[in-house]
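In what follows, a structure is listed as structure tokens, so that the remarks can point back to it.
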Amino acid sequence: MKRCDFVDWMKAVGMFLIVFGHFFGDPFDQFTQPVYPKQLGVAMFVFIMGWGLGKATGPRYQVSYNRLFPMFFWGIVIALFISVISYFVINDISESNYAPFVFGINVIFNFFPANPTTWFIGTYFHIILLWALVLYRIKVTPLILILSLIVEILTRSYFIHDHSTFIAYMSLPNWLTLFMLGMYMCQQKDQDSSKGLILGVIAWATFIILWAVILNEINVTRRFPFKNIQVSTDLMNALYTSIAVSIVYLCNTIFSIVVFSRMKAGRIVRFFSRNTIIVFIGHMPLYFVIEPIVNLVFSTGWPKRLCIVLIMYIGLSWVSEILCKAIKVDEIKKWGWGKLVHWMPMIAK
């Protein structure tokens, strides 16, 4: 199977999980405790980042610029749009939406920006910065994966114990092993057939069900962005919760690789895959616009939530498709890179 099929599937499904997870909780939350299902979508995106950067062969600063530019461009456009609307509606410009564009400073605050999904832009910046400065020259081995997992678990548990759960979630260490796993997997041989697909689906479903059965027998208190496993002292609870988070992230991501690397991506999958940036950043602001309209048809319940999810996933993907054709972002990106190289020739090396 071509890797582009596998990537397209993970991006399309990952984006759906993020949108779906924002509006459908129980009974689905029990299958991913102590995290929420939408976080699996972010996990897939981070893995894809590692895989893609692990395969990158161009100048590291240009590769980094090419990755950052579309995210920053659309993120700033949407932040400006929200500021204009917010100013006239509530006399506020929602300035916290700009924090991710200031060297990702948002991750040091124990709360999300006004547009919650923009938190990822800061983390995205830090991951790419780490790669450009350090990881681009490193060949990831199983030992490095183990070391990154230890750092991830201990750092996350520290912030959880400190009641800084948003920092625990947004900071780079929370996603470190997934990114390193992507860099490691890009070195492996491609899967070139659908053999084992059914077995992979069954194994993934079995894991999800067994995980729910096990965690439902444990005292897990509802908190955000991580639930909290309550079986011991506060310090040990933080450690157990952090370990469980890593297990859920890694196991579900690995199972998704097993499944999606054996499936061809058709036109529909590719359509959703190439429109993830705008959907990711824009779906929560869109909710506040369409929710009163949907209320006219469905006042509450699953029909209302399903209608909103379909509008935000399918409808916003079409908006993204139109915007990307109307605004030549690649041309703006090339122009910007040319200017940067003119001012700082050393970055082209």
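The values are calculated or read from the model by the stated rules, or taken from the named source; none is laboratory data. What you are looking at is a predicted structure, and each value in this text was computed from that prediction instead of being measured. Here the Cβ positions follow ideal geometry from the backbone for every residue, glycine too, while neighbour counts run over all protein chains shown. The accessibility values were calculated without ligands, DNA or RNA, using every heavy atom of the protein model including side chains. Shrake-Rupley method; radii C 1.70, N 1.55, O 1.52, S 1.80 Å.
A compact table of results
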read-out	value
For segment 48-62, 3J(HN,Hα) per residue [Karplus equation, 6.51 cos²θ - 1.76 cosθ + 1.60, θ = phi - 60°, Hz, x = Gly/Pro]	4, 4, x, 5, x, 6, x, 8, 5, 10, x, x, 4, 6, 5
Contact order relative to length of the chain, as percent, for alpha carbon pairs under 8 angstrom and 6 or more apart	29 percent
Candidates per trypsin sites (Lys or Arg not before Pro) in segment 91-157, loop by DSSP, up to 11 other Cβ within 10 Å	K139
Spin-label pair V213/L147, simplified geometry with 7 Å Cα→Cβ offset, distance in nm	3.9 nm
Between segment 51-111 and segment 158-216, the Cα center-to-center distance that results, in Å	25 Å
Qualifying trypsin sites (Lys or Arg not before Pro) in segment 258-300, DSSP loop, other Cβ atoms within 10 Å at most 13	K264
Gain upon complete extension [I327, L235; 0.36 nm per residue less C-alpha separation]	28.1 nm
Percent RCO, i.e. relative contact order, over segment 267-326, from Cα pairs under 8 Å lying at least 6 residues apart	50 percent
Heavy-atom accessible surface of the chain: percent carbon and sulfur, 1.4 Å	71 percent
Listed residue pairs exceeding 28 Å between alpha carbons, taken from K139/K328; K189/K325; K11/K55; K189/K349; K38/K333; K55/K334	K139/K328; K189/K325; K189/K349; K38/K333
Theoretical gain in end-to-end length, I293 to S164 [0.36 nm per residue, Cα-Cα removed]	42.8 nm
Relative contact order computed over segment 53-139 (Cα-Cα under 8 Å; 6+ residues apart), in percent	29 percent
Candidates V89, V245, V63: whichever shows maximal mean-square fluctuation once the chain is modelled as a Gaussian network with Cα springs under 10 Å	V89
Accessible area of the chain divided out per residue, in Å², using a probe of 1.4 angstrom	49 Å²
